[in-house]
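The values are calculated or read from the model by the stated rules, or taken from the named source; none is laboratory data. The model shown is predicted, which means the values in this text are computed figures rather than measured ones. Using ideal geometry, Cβ is built from the backbone for each residue, glycine included, and neighbour counts are taken over all protein chains shown.
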Amino acid sequence: MKNVEIAPAKGKLGVLLVGLGAVSTTTIAGVLAIRKGLARPIGSLTQMGTVRLGKRTEGRSPKIKEIVPLAELDNIVFGGWDIFEENSYQAARTAGVLETSLLDQIKPELEAIKPWPAVFDQRYVKRLEGPNVKKGKNKRDLAEQLRADIRNFKKDFGLDRMVMVWCGSTEVFMKESAAHQSIDAFEKALEANDPAIPSSMIYTYAALMEDVPYANGAPNLSVDIPAMMALAQQKRLPIVGKDFKTGQTWMKTVVAPGIKARLLGVEGWYSTNILGNRDGEVLDDPESFKTKEESKKSVLDYILQPQLYPELYKDLCHVVRINYYPPRGDNKEGWDNIDLVGWLGYPMQLKINFLCRDSILAAPIVLDLALFLDLAKRAGMSGIQEWLSFYFKSPMHAPGLYPEHDLFIQLMKLKNTLRYMVGEELITHLGLEYYD
Ligand SMILES: NC(=O)c1ccc[n+]([C@@H]2O[C@H](COP(=O)([O-])OP(=O)(O)OC[C@H]3O[C@@H](n4cnc5c(N)ncnc54)[C@H](O)[C@@H]3O)[C@@H](O)[C@H]2O)c1
């Protein structure tokens, strides 16, 4: 097989983070700590993952980072925006995810990362209010200010390339509308201060206009509209989203394929969570929760395929709840009750109680996405990067296709894409040759 031409990862990679909250600061502090040898990059495919190449008999399973040229952690520079003025050290302390003893060992580096004033409008995130916000005559002007921040970041740190990852709050639920249908309509809407353009879309537009690939970690529409897809195609930029797949939904996309594989019926799946961080507070607003709920609920329909198996899944009752409960901070607790139906219609129950740490699960995803998006751009891949669906609750997909939610299919797709990039044979798991 012929390999794809991939430009080398020379120089520095700027990682632009929108929102310096729990997820972002856990990512930044994590990368700084790993760089200093203070911690290990557990949970990151780009840092720890391997990929089998060739036949099972060949014994070739190099690390992913040994077969594709990824930016080194030492060459990453972080920058970002937030509506609060706290630097990354203070913001990490506020988030309360990492121990102060670890943060203190990287304090000067964290303190140096101060958020630029944000583009923010409370109309789209009702529960937040902060002082570090840009003013502009219209949304176009705000987009220009973000573009200037991006250019200055590049110049000030002598960056070779950049990527942007949205780690800002979940906005109110919005549907695609006329302003989102083309680049032209979108630019006119920016000028006219159209309410159909939330803050997240202004960042997306600014990123793409500055030739920066974009990943969307929240369920916001953001890059998932025809105008942005057209802009990404025009500029030959990779884009990906949406909503990091971390705790309960990740577990759902592990367990549901197993149930389906055994053709067990599911009558009901009740998922509830308690969460006490700022994200939990934002999601306590019904309009922001609606955006999250849509994203969390879609996975079962696609995995279980009720249209193919109506007897097993047609009447499935799927309920998802998130309750804001401050005492737990970032340590989310999720409960799932699954009402199963087995042979001859006999009922069974499966209970999952997951005591996880939201940002500890999200940080390696942010790092991997930053490095893989940068790789995709250097490999000339543009538009939706479906091979990165592995990282998302609501993976973006081409029109007319259904999204792939099964975690194991997603991982196979990711690894086959890496094999394809380096001209190695794709692995189908047929394996008849071993028995010839
Ligand atoms: N942690 C997870 O497991 C997980 C999983 C999936 C999705 N997410 C999403 O990732 C995002 C970040 O999560 P978090 O736990 O870090 O939340 P957080 O509240 O700690 O951080 C979000 C930050 O974004 C800032 N912000 C909001 N709007 C902004 C804007 N327009 N410009 C700049 N900054 C803005 C907020 O001030 C806040 O500091 C949320 O949307 C969350 O839903 C998180």
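Within the stretch 247-302, the set of residues being under 24 Å from PRO347 (Cα atoms), of a type in the set (D, E, K, R) and in contact (Cβ under 8 Å) with a residue 60 or more places away in the chain comprises LYS252, GLU267. For PRO306, the conditions (1) buried (at least 21 other Cβ atoms within 10 Å of the Cβ); (2) touching an Asp or Glu at 6+ places or on another chain (Cβ under 9 Å) are fulfilled apart from (1). Scanning the stretch 263-295 for residues being assigned to a loop (DSSP other than H, G, I, E, B) and touching a Gly at 6+ places or on another chain (Cβ under 9 Å) gives a total of 3. Hey, among LEU312, LEU340, which residue is part of a helix (DSSP H, G or I), touching a helix residue (DSSP H, G or I) at 6+ places or on another chain (Cβ under 9 Å) and over 24 Å from LYS242 (Cβ atoms)? None of the others qualify; the one that does is LEU312. Between PRO327, PRO347, the distinction of being within 15 Å of GLY276 (Cα to Cα), of a type outside the set (Val, Ile, Thr) and either in the same structural domain as GLY30 (by TED's automatic domain parsing) or away from the ligand (no atom under 15 Å from the Cβ) (or both) belongs to PRO327 only.
If the condition is being among the polar types (S, T, N, Q) and crowded, with 20+ Cβ neighbours inside 10 Å, then the stretch 1-34 contributes SER24, THR25, THR26, THR27.
Applying a threshold of 6 Å to beta carbon distances and a minimum spacing of six or more residues, or different chains, the list of pairs starting in the stretch 92-103 at a residue that is farther than 18 Å from LYS332 by Cα and ending at one that is within 12 Å of the ligand (Cβ to nearest atom) reads LEU103/ALA92. Scanning the stretch 17-53 for residues that are touching a residue at least 60 places away in the same chain (Cβ under 8 Å), closer than 25 Å to ARG378 by Cα and over 20 Å from the mean Cα position of the chain (by Cα) returns LEU32, VAL51, ARG52, LEU53.
Does ARG262 satisfy the criteria of being charged (D, E, K, R) and modelled with pLDDT of 95 or more? Spelling it out, ARG262 is indeed charged (D, E, K, R) and modelled with pLDDT of 95 or more. In the set (1) basic (Lys, Arg); (2) free of Cβ contacts under 8 Å to residues at least 12 places away in the same chain; (3) within 15 Å of the ligand (Cβ to nearest atom), the condition left unmet by LYS137 is number (3).
Residues of the stretch 326-347 that are touching a Gly at 6+ places or on another chain (Cβ under 7 Å) and touching a residue at least 60 places away in the same chain (Cβ under 8 Å): GLY329, ASP330, LYS332, GLY334, ASP339, LEU340, VAL341. Has the stretch 382-389 got any residue that is under 20 Å from the mean Cα position of the chain (by Cα), in the same structural domain as PRO213 (by TED's automatic domain parsing) and within 16 Å of the ligand (Cβ to nearest atom)? Scanning the stretch 382-389, I find at least one residue that is under 20 Å from the mean Cα position of the chain (by Cα), in the same structural domain as PRO213 (by TED's automatic domain parsing) and within 16 Å of the ligand (Cβ to nearest atom), so the answer is yes. One residue alone among LEU231, LEU208 is away from the ligand (no atom under 16 Å from the Cβ) and over 20 Å from PHE120 (Cα atoms), and that residue is LEU231. With respect to (1) at pLDDT 95 or above; (2) in a helix (DSSP H, G or I), the lone exception for THR57 is condition (1). Taking LYS155, is it more than 16 Å from the ligand (Cβ to nearest atom), under 21 Å from TYR214 (Cβ atoms) and either touching a Gly at 6+ places or on another chain (Cβ under 6 Å) or at pLDDT 95 or above (or both)? Yes, satisfied.
Comparison of LYS297, LYS314 shows that the only residue that is at pLDDT below 95, of a type outside the set (Val, Ile, Thr) and either more than 26 Å from the chain's Cα centre (by Cα) or farther than 29 Å from ALA362 by Cα (or both) is LYS314.
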